[in-house]
């Protein structure tokens, strides 16, 4: 499996966000000449079946093409399932009327995978007079290639690429509870970043874990404290703050790390914008199945979140 990188190398030992090439397809064309002003390069029609929605199909085509009438504009289009893809087109004007290849023209772009049905990629050429020729020979061949690229870390083949990945985009904190779902089964570490979280009361912020059987409200072991002296043990959820004030805005990160099986270890540090409080929590929870959901709520079940966001990154 090949791996390429999104963005530049970070400084000071930062982590590179990676993408995985899930599969690749390519085909070499043949000579194709038509008296029509619109032709399809039938020698390079490529049909593939994507493996996963949410992936992307990166397309690259190189087309040696010529028109036998001078000063004609030649347009090239990428067609998918018989329809042109907006933005994946190019054109050139030949100054003379060549009888051999005028040089390769390239098309490159990305098509999102919205369904798993088979897709056919073709190159259409068009001019407004004369005969178009798409060449393929030992020195200059028409070709098209498609790579299915996953923006996530796990490929359909099960290959693992280490690194930190964007997991759940910024989510508003609102209401009695906020659920974080779509957690990959193979994740090893989950980082929940809180930016300006606030509630309308004094009840502690808490967090519960869940699996396919639902959220679990027993078996939590640990405690939370802040440096001003507040502390408490917990059993029904991970407590993230030791007491609270509606005036507080809360910032920090809660990390869940898989110990073994379905056992998760929590460590969190949340600071407030007033009062100088730093809430430190740590604990352990063994689920009955694979973690797939996390709920942020309040200890009394009636105070509501009224400000802030959370976003999630995860590691494998």
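What follows is calculated from the coordinates using simple rules that are stated; it is not laboratory data. Here the structure is a predicted model, which is why all the values come from computation and not from measurement. Quick reminder, even Gly has a Cβ in these numbers, built from the backbone with ideal geometry, and neighbours come from all protein chains shown.
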- Query: For residue 235 and residue 267, FRET efficiency with R0 = 22 Å and r from the beta-carbon atoms, rounded to 0.05?
  - Reply: 0.75
- Report the label-to-label distance for residue 245 and residue 195 in nanometres (one decimal), using points 7 Å from each Cα along the Cα→Cβ vector. 2.5
- Taking the Cα-to-Cβ direction at residue 311 and at residue 293 and moving 7 Å from each Cα, how far apart do the two end points lie in nm? 2.5
- Task: Using 0.36 nm per residue of separation minus the Cα-Cα distance, give me the extension gain between residue 51 and residue 128 in nm, one decimal.
- Result: 23.8 nm
- Item | Share of alpha-carbon pairs per 10 Å distance bin for the stretch 164-315, given as whole % | 12, 46, 35, 7
- Highest average packing first - 298-306, 259-267, 201-209, Cβ atoms within 10 Å: 201-209, 298-306, 259-267
